[in-house]
1. Once fully extended, how much extra length lies between Tyr13 and Asp142, figured as 0.36 nm per residue of separation less the alpha-carbon to alpha-carbon distance?
2. Mind checking the log10 I(q)/I(0) for region 117-159 at q = 0.14, 0.20, 0.29 Å⁻¹? Debye, one equal scatterer per Cα, no solvent, two decimals.
3. To the nearest 0.05, what FRET efficiency results for Asp115 and Arg90 with a Förster distance of 25 Å applied to their C-beta separation?
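A short reminder: the numbers here are calculations on the coordinates, not readings from a lab. Predicted model only: the values in this text are computed from it and were never measured. Positions of Cβ are generated from backbone atoms using ideal geometry, with glycine treated the same way; all protein chains shown enter the neighbour counts.
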Amino acid sequence: MTTMHFEAKKHAYRQTQDGIVVSFVVHPNDVCADLAIAPLGTQYIVALAPYTEEEHRPPSSTGPEHGASIPAVGGSNPPADTTPAPKERRPFHTLPRSQQAAILIQDERFRRWWDGGNDPLPDAVDAAIKVHLGIISKRNLDQPGPTAFAWDELVARYRFDTDQPTWERPA
């Protein structure tokens with residue numbers, strides 16, 4: 001079965017004698033065929049991250065109707081600000097897996113988790129993760145398949161073990 005990613009909305013939460021049942025509503029176009037035909041009882045590893053519209057809303061327009069100033073006619077305009085605009089911050093789960101790996105490998109908390117409390121050099125963790133996942137390059141993580149699934153599982157275990165429901169990129 002292939003890995004799948006989709007947006008979902010929490011629909012119900014209830015307790016049964018077997019455990020907790022959490023129901024989600026998924027748009028029909030986002031349902032993977034493998035999930036739709038999988039028999040009841042098929043087991044999955046699930047990773048969740050909150051999603052808000054603000055994180056994914058396109059930047060607002062800067063036209064006059066939105067409060068932008070209109071240059072004066074016949075006068076000289078001040079020089080344009082040459083300061084580069086800050087990079088847009090994207091939620092961690094929306095980044096390509098290769099970029100996720102590059103970020104986590106630089107994170108001291110992740111390196112300590114990976115090496116049982118020691119803080120190895122990022123290059124050592126990079127090499128160890130590649131061996132662990134059986135890849136030559138972090139770019140292999142961006143291809144769908146078992147390696148991408150193994151990366152998602154590794155990140156989910158890290159978050160669970162370190163009690164980090166969300167992971168934000170450093171500023």
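1. On the way: separation 129, 0.36 × 129 = 46.44 nm, distance 3.28 nm.
Full extension of this stretch gives 43.2 nm more.
2. Calculated log10 I(q)/I(0) at the listed q: -0.33, -0.66, -1.11.
3. Details: r = 28 Å, r/R0 = 1.11.
Computed FRET efficiency for Asp115 and Arg90 comes out at 0.35.
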